[in-house]
Amino acid sequence: MKRISVCVDVQTQHVRDLILACLAEDKTFEPSLGSAPAGAQLYIREVGGRLQEALAELAELRAHYPNLEIALTSAASDSSTLLCCMDAGIRYFLPQPVHPKDIRAVLRRYLDRQSSEAPPPKRALVIGVIGAKGGVGATTLAVNLALAYQQNLPEGGVLLLDANIPHGDAGLFLDLTPQLDLATIVADISRLDTVLLESAMASHSSGLRYLATVRQYEDLPLSTPESMSHVLSLAQGMFEVIVIDLGTYYGRVTMKFLELADVFLLVTEPALSCLHNAASFTGYASQRSPGLAEKILVILNRVHDRAPYSIADMEKAIGRPFYWRLPNDYQTAGTAKEIGQPVVLGAPKSRLATAIRELAQSLLPQPGSGKRKRGLFGLRLFNRD
């Protein structure tokens, strides 16, 4: 097989060493060092503070070598830098500090583009998670559910989309502080593609990808059902599973996600106000469309023996049975958030972690159901002792 020539023009030594090490993992690539990419098919260049000058040089380079693909790496990874690169036709961007998994992801995307046989399109399993009120554990469930899937999939197989607008804090559970958020990528929806979408995501050590919510109040008008639908549509072709954390955000965006999701988990607990809100939400969904209501699965969190109501009474109050019950393990969950170590990672043998993994398994389409049969679907991913 003909090898792919890669010219690496990176001055920072540890960044250059990482890139060369990742290229060496795949014999398809034939790397060389230098600033003259004549004959190269992929040019990886580091850009310092003079971005516009560098982009002008690269524009001239592409005019001479129209088939040359360019990947940039830079310590500057703010939204304006990314958009400038997009405008210049740069398809690949590696923000510094560079991690090997990000380099490998860029190389995979490059190979996919070069492949004469495009991989079959993905269609991710989409799971929405929303709380009947604040503090019921919806974000805890969303984060740990996403990690439970990621533990059984290749790196980058799962996306946690934080759509709890504008107070999403799922990143705290993962000890992640991403520089970019949803507002970055929907500010000009016409520019949005998979390259820009992926560049806005943060990577967790587990392999999970995280996309932060809109965080500035002035950016709230950007969060429309249409823009969120476009984001989700692109993401579905990139991942096996997408978990959307909606917190307690109820509105037009929530209803759009409900329409687009395969499953919608409504988290409640043994409290009258929570049960009332759960009944109201499911009732409203039923009025809009019976099909929407069928997607909603009610999760009873913090189940304990001293609950003021029986399971039967609570199910009667909300008008449907609970799909799943999670044990009351508030201390374990609270500690996990404080240290940025989710329960399924920090306390994998706890009752709560076990219940979440079992819930994750139950949400996968079963063999013979007529639903998705590719990839992870229809396969048993979770081992039970």
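Bear in mind that the values in this text are calculations on the coordinates, not laboratory data. Computed from a prediction, not measured in an experiment: that's the story for all the values here. Virtual Cβ from ideal backbone geometry, glycine too; neighbours counted across all protein chains shown.
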**Report entry** Nearby aspartates and glutamates by direct alpha-carbon distance to LYS349 (threshold 12 angstrom, same-chain neighbours under 8 apart not counted)
**Finding:** ASP385
Query raised in the report: How long, wide and thick is the chain, going by the Cα atoms along their three principal axes, in whole angstroms, largest first?
Result: 74, 47, 41
Report task. Give LYS133/LYS316; LYS256/LYS337; LYS295/LYS316 a once-over and call out the pairs whose C-alpha atoms are over 25 Å from each other. Result -> LYS256/LYS337
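Charges at C-beta only: +1 for Lys and Arg, -1 for Asp and Glu. How large is the resulting dipole of the range 195-247 about its Cα centre, in Debye rounded to 20?
Values: 2 positive and 6 negative charges, 24 e Å.
Around 120 debye, computed over the range 195-247.
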Report summary line: log10 I(q)/I(0) for the range 285-329, Debye formula on C-alpha points only (no solvent), q = 0.22, 0.26, 0.28 Å⁻¹, two decimals, reads -0.79, -0.96, -1.04
Report task. Please give the peptides 141-152, 156-167 ranked by average Cβ packing (other Cβ atoms within 10 Å per residue), highest first, as a rough proxy for protection. Result -> 141-152, 156-167
**Report entry** Fluctuation leader among ARG209, ARG320, ARG123 - the chain, Gaussian network, Cα springs under 10 angstrom
**Finding:** ARG320
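Could you list ARG45, ARG3, ARG306, ARG62 so that the one with the fewest beta carbons within 10 Å of its beta carbon is first and the one with the most is last? Walk me through the intermediate numbers first.
Numbers: ARG45 21, ARG3 12, ARG306 6, ARG62 17.
With the fewest neighbours first, ARG45, ARG3, ARG306, ARG62 line up as ARG306, ARG3, ARG62, ARG45.
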Report task. With unit charges on the beta carbon (Lys/Arg positive, Asp/Glu negative), name the residue among PRO327, LEU265, HIS167 whose Cα is farthest towards the positive pole of the charge dipole of the range 125-362. Result -> PRO327
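Antiparallel versus total DSSP beta bridges in the chain: what percent is that, nearest 5? List each step's numbers first, then the result.
Values: 2 of 46 bridges.
Around 5 percent antiparallel, to the nearest 5.
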Report summary line: If amide H atoms are modeled at 1.01 Å from N in the peptide plane, then the residues at a separation of 5 or more from VAL303, or on another chain, having amide H under 5 Å from its own are LEU326, ASN328
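Relative to the Cα centre, what is the charge dipole magnitude of the chain, using +1 at the beta carbon of each Lys and Arg, -1 at the beta carbon of each Asp and Glu, and rounding to the nearest 20 debye?
On the way: 38 positive and 39 negative charges, 269 e Å.
In debye, rounded to 20, the chain gives about 1300.
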Report summary line: Comparing THR140, THR177, THR282 in a Gaussian network model of the chain (Cα, 10 Å), the one with the largest mean-square fluctuation is THR177
Query raised in the report: GNM on the chain, C-alpha springs below 10 Å: top fluctuator among GLY291, GLY237, GLY134?
Result: GLY291
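Which of GLU315, GLU60 comes first, and how do the rest follow, when ranked by fewest Cβ neighbours within 10 Å?
In increasing order of surrounding Cβ atoms, one gets GLU60, GLU315.
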Query raised in the report: Any idea how far apart GLU218 and HIS99 come out in nm if each label point goes 7 Å out from Cα toward Cβ?
Result: 3.0
Requested in this report: Please list the radius of gyration and Dmax for the range 226-271, considering alpha-carbon atoms only, with Å as the unit.
Outcome: 11.9, 39
Requested in this report: Identify all aspartates and glutamates with a Cα-Cα distance to LYS2 below 20 Å; exclude those on the same chain that are fewer than 8 residues away in sequence.
Outcome: GLU25, ASP26, GLU30, GLU69, ASP112, GLU117
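Sorting THR81, THR254 on the 10 Å Cβ count, fewest up front, what's the list? Walk me through the intermediate numbers first.
Numbers: THR81 18, THR254 22.
Going from least to most buried by this count: THR81, THR254.
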